[in-house]
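Data block below; observations after.
The values are calculated or read from the model by the stated rules, or taken from the named source; none is laboratory data. Source: prediction; values computed, not measured. When we count neighbours, we look across all protein chains shown, and the Cβ atoms used for this are built from the backbone with ideal geometry, even at glycine.
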Amino acid sequence: MGTNSRIPHPNWNCELVIVLVDPQFEGNIGAVARCIRNFGLHELRILRHNGEFSEETRNRAKHAQNVLDDCQIHEEWETCFDDISLVIGTSGKREHGDKVLFRHFLLPSELGERLSEVQGKVAIVFGPEGMGLSQEELRSCDLLMTIPTWEGYPILNLSHTVAIVCYEWFKTLLPKIGKEEALPKTVHVDRLLNPNLRREIRNRAEEIAASAAQRDDQIKSAADTLSRVILRGIPTDDEAHRLLGLLNTAAKAMQGDER
């Protein structure tokens, strides 16, 4: 009990990457590594950490030492997500009113349905304990996710949050379990958006918003809304190229540069 079985890791169309931003407690890092291993995942990245894992971290990770050994450490947001096609930020703060447009949340149970037939790397980003991701970090994410909890005490422990997300992701495999292969790879249909195309879409959205709005807060809100509406559809590379053509034309027209 509590040991590893020597069976192959499961394969999904998408590669799920768990990203911790500035984690405050070493024990939580180990617990997260164990959660990742529990559900057949393996890739952990940490933003802003010294890369040295304490004895407490190692002990909490139990038989997931390889997750810690292979963990990528990054200092800058951009380098951490350079190869990622879709960045999903997490938050337990569910404001109402005007901020609803900014905080349009997915639920963990929706991940499998939305990503079951695409390929690419998807990052789920978790902020520091007690504070969560900053406004700017949330704005840098393509989609947002929350776990429905009682509003009287909505914020979950970091490792519990990761466990729920990983569990919901793992459930996407269960209907596909076969007799010949314990955890078969699902059918490939389309490839998830190329990371460079994702960045271009966000940049074009900012250009269009800057031409259409006056105040900084209006520009940010419009850019967030446009990019998220597009990325929520999880476009393929070909669809993204077509959309970028339209966005480029629109940006030039709004800037008075169309010929």
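Taking the stretch 6-99 as the region of interest, the helices (runs of 4 or more DSSP H) fully inside it that hold 2 or more residues being within 18 Å of the chain's Cα centre (by Cα) are 26-38, 77-80. In the set (1) farther than 19 Å from residue 127 by Cα; (2) free of Cβ contacts under 8 Å to residues at least 40 places away in the same chain; (3) hydrophobic (A, V, I, L, M, F, W, C), the condition left unmet by residue 33 is number (1). Taken together, 216, 237, 224 contain a single residue that is more than 20 Å from the chain's Cα centre (by Cα) and modelled with pLDDT under 90, which is 216.
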